[in-house]
């Protein structure tokens, strides 16, 4: 049982990252992780360790997050993770920081289901199959959420100020 | 592979590093001849880089003490022991009560939730509706999102319709019923042989959680559990182990 706890522990940093990226609120994110860990630990007798543990933990977190969204309605008015840099900020890094700020802002207004899909794939590095399992959706649905999320992010960031272009 | 067979999914998989080298090379060739697509793919790559830059470092932060897995487990073990002590005391009281004259009332036998009122209602609703061929449900699986939203609203709980396909059961649909004087949701699933199982779900708010409790009556098996927000009974005539698998999966997804 302790080995299972160790394995759960190994997933905590990634769970915190995912929760913070979902909510853009450090306290709320840790609340979500704490709720999820409590659920996971309580239910671990029911969970037969045959499937991947990480996917199971992320699935619990997604469920807790969705329940929380519904009850608290704390979605949009969140604290910005990165304040928008002023126009007069340091020129050299300005474009990069603008691009990051634009992306951070665009992520916050993305529908939750697209944000979840993007984060699992692009930040957590999950395979499409694993991400689909976490979200409890067929892989076709995952791909369409990913595609819509990427298109929306692109629109949002390209409508913003000119950004750095990397030319290969 | 020629360039024309590159799909949208390939482009995403290319960006996410999920293609094998051969396919990757094919996408490279395709992009060389399709500048608009190439620009789109480049934008996605920049998004991935931006997302990494924004969030990746969070995973390297020290974990706050309140998220220490072993302490959380320890706290549960302690409260579990306290609960055991109380349960033992309660059993002693009950034993005294039994000795004092309860014996004649027929309360003997293994605890079986088959007689619990909610289980009775779930079994009755199961028997009534699983036999229906034409109208087994009020809202079919083709309107799954509507069904989830409607039942969630009526129960004032966020109901996620469990995905039981990995266990061979697909959603037939659901309906609203009265149970214990309150609105209850019935969800029906069936396997490829047409064997049906149903869930009866009511809102709960006493905060008590329970493990799965097995019951059997009228040739039907059931599992009852209480989660933080709902009480749920799963009913079916499938084998006990299979029913338990379904219950476990639903337990995980429902609450």
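The numbers here are math on the coordinates, done by the rules we state, and not lab data. Since the structure is predicted, the reported quantities are computational estimates derived from the model, not experimental observations. All Cβ positions, even for glycine, are placed from backbone atoms using ideal geometry, and neighbour counts span all protein chains on display.
Here are the numbers for the structure shown:
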| item | result |
| --- | --- |
| Matching helices (runs of 4 or more DSSP H) fully within the stretch A:109-161 where at least 1 residues are surrounded by fewer than 18 Cβ atoms within 10 Å (Cβ to Cβ) and at the interface with chain B (Cβ under 8 Å from one of its Cβ atoms) | A:139-159 |
| Failed item in (1) crowded, with 19+ Cβ neighbours inside 10 Å; (2) without any contact (Cβ under 8 Å) to a residue 24 or more places away in the chain; (3) more than 19 Å from residue A:154 (Cα to Cα), with residue B:30 passing the rest | (2) |
| Among residues of the stretch B:180-195, those that are part of a strand (DSSP E or B) and farther than 18 Å from residue B:132 by Cβ, counted | 2 |
